[in-house]
Amino acid sequence: MQASRVHELSPEEQAIYRRLDPSRLPQHVAIIMDGNGRWAGKRSLKRFLGHQQGAESVQFVVETASRINLPWLTLYAFSLENNLRRPKTEVNFLMRLLGAYLSNNVKRMNDNNVRIRYIGRTDELPHEVRERMEWAAEQTQQNTGTTLTLALNYGARSELVDAFRGLCQEVQRKELALEHITEQDIQRHLYTAHMPDPDLLIRTSGEMRISNFLLWQIAYTEIFVTDRLWPDFRGVHMLEAIENYQSRNRRYGGLSDDLQSLPGNELVGR
Ligand code: IPE
Ligand code: IPE
Ligand code: MG
């Protein structure tokens, strides 16, 4: 029998994992993987090398997600705006890197029970890359652990455009009445219809912005921004973010737990 490539959590990861409350682990973590160019720039290297190093980080984080049984991990890998606004040479490099990442890591995904999927206007990606993507999805579709979703040629506004087109078609065909449209109807037309909204959104490299990622889905997501650049990000840093997430009080527009228990709060809202 072939030796399993599934590793235990590292000692640093274990130390944080032991401090986590197992009943309050996030179900869905989404990450804006930013800072590859700056990582390379700091070392007087070409941006490409930053992307290459960033691809290494992806696999570390995916395997930590699998070891903590995180059901959903969504990574913003390539935006629609990256595709439109970056030099062709960089875009081509990113496409080749994606193909190589998939070819080299499907075996490890299977060893770690990870299933891979994609969101975004992937039909606009080069044919060879799409073939590789479909191959990786097929090879891992039987896995039941973490679902790794790569956002590729993804933009949240274009996702909403696609969703509204689908919804309008239903109305046009009289399958749905205009006055009956609900939030759920919009949700079921999103690329993410099959998954829960992210509980935690991490952004690396310190930028305090969303950059057109999952705009609908992050309505009540907890946001964690770290100055660490993506190529330096490892599973242990995701666990640190999860520990920080567990210290938050999610209110969804309601009262905080401590206020709720104070006498007299039955008057609130009258
Ligand atoms: C993130 O790194 C990777 C992609 C957006 C493809 P960047 O390439 O944006 O790196 P910075 O932000 O220039 O440092
Ligand atoms: C967001 O990073 C997109 C991805 C990580 C794929 P960008 O580097 O493209 O975002 P901006 O341009 O700084 O907003
Ligand atoms: Mg960037």
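Every test in (1) away from ligand 1 (no atom under 16 Å from the Cβ); (2) in contact (Cβ under 8 Å) with a residue 60 or more places away in the chain is passed by residue 194 save one, and that test is (2). Going through (1) within 17 Å of the chain's Cα centre (by Cα); (2) not in a helix (DSSP H, G or I) one by one, residue 174 falls short only on (1).
Working only within the stretch 209-240, note down all residues that are touching a residue at least 60 places away in the same chain (Cβ under 8 Å), under 23 Å from residue 21 (Cβ atoms) and assigned to a helix (DSSP H, G or I). Within the stretch 209-240, 235, 236, 238, 239, 240 meet the criteria. Inclusion of residue 244 among residues that are over 20 Å from residue 62 (Cβ atoms) and within 16 Å of ligand 1 (Cβ to nearest atom) is not warranted. Residue check: residue 220 meets all listed conditions (1) of a type in the set (Ser, Thr, Tyr); (2) under 18 Å from residue 59 (Cβ atoms); (3) more than 16 Å from ligand 2 (Cβ to nearest atom) but one, namely (2). Of the residues making up the stretch 189-212, at least one is surrounded by 15 or more Cβ atoms within 10 Å (Cβ to Cβ) and over 18 Å from the mean Cα position of the chain (by Cα). The C-beta contact set for the stretch 70-96 (first residue within 16 Å of ligand 3 (Cβ to nearest atom), second residue outside any helix (DSSP H, G or I) and of a type in the set (Val, Ile, Thr), distance under 7 angstrom, 6+ apart or interchain) comprises 75/31; 76/31; 76/32. Residues that are within 16 Å of ligand 2 (Cβ to nearest atom), charged (D, E, K, R) and either at positive phi or at pLDDT 95 or above (or both) do occur in the stretch 29-38, at least one of them. Determine whether residue 151 is within 22 Å of residue 113 (Cα to Cα), surrounded by 14 or more Cβ atoms within 10 Å (Cβ to Cβ) and touching a residue at least 60 places away in the same chain (Cβ under 8 Å). Against the criterion (within 22 Å of residue 113 (Cα to Cα), surrounded by 14 or more Cβ atoms within 10 Å (Cβ to Cβ) and touching a residue at least 60 places away in the same chain (Cβ under 8 Å)), residue 151 qualifies.
Is at least one residue of the stretch 108-127 within 13 Å of ligand 1 (Cβ to nearest atom) and under 22 Å from residue 233 (Cα atoms)? Walk me through how you get there before you give the answer.
First, pick out the residues of the stretch 108-127 that are within 13 Å of ligand 1 (Cβ to nearest atom): 120.
Narrowing the set further to residues that are under 22 Å from residue 233 (Cα atoms) leaves none.
No, the conditions are met nowhere in the stretch 108-127.
For residue 100, are the conditions met, namely being hydrophobic (A, V, I, L, M, F, W, C), touching a Phe, Trp or Tyr at 6+ places or on another chain (Cβ under 6 Å) and in a helix (DSSP H, G or I)? Explain how you work it out, then say what you get.
Numbers: hydrophobic (A, V, I, L, M, F, W, C): yes; touching a Phe, Trp or Tyr at 6+ places or on another chain (Cβ under 6 Å): no; in a helix (DSSP H, G or I): yes.
No: the conditions fail for residue 100.
Applying a threshold of 7 Å to beta carbon distances and a minimum spacing of six or more residues, or different chains, the list of pairs starting in the stretch 102-120 at a residue that is of a type in the set (Asp, Glu) and ending at one that is modelled with pLDDT under 95 reads 111/4; 111/5; 111/6.
The values are calculated or read from the model by the stated rules, or taken from the named source; none is laboratory data. As the structure is a computational prediction, the values presented were derived from the model and not from experiment. Don't worry about glycine lacking a Cβ; one is built from the backbone with ideal geometry, like all the others, and counts go over all protein chains shown.
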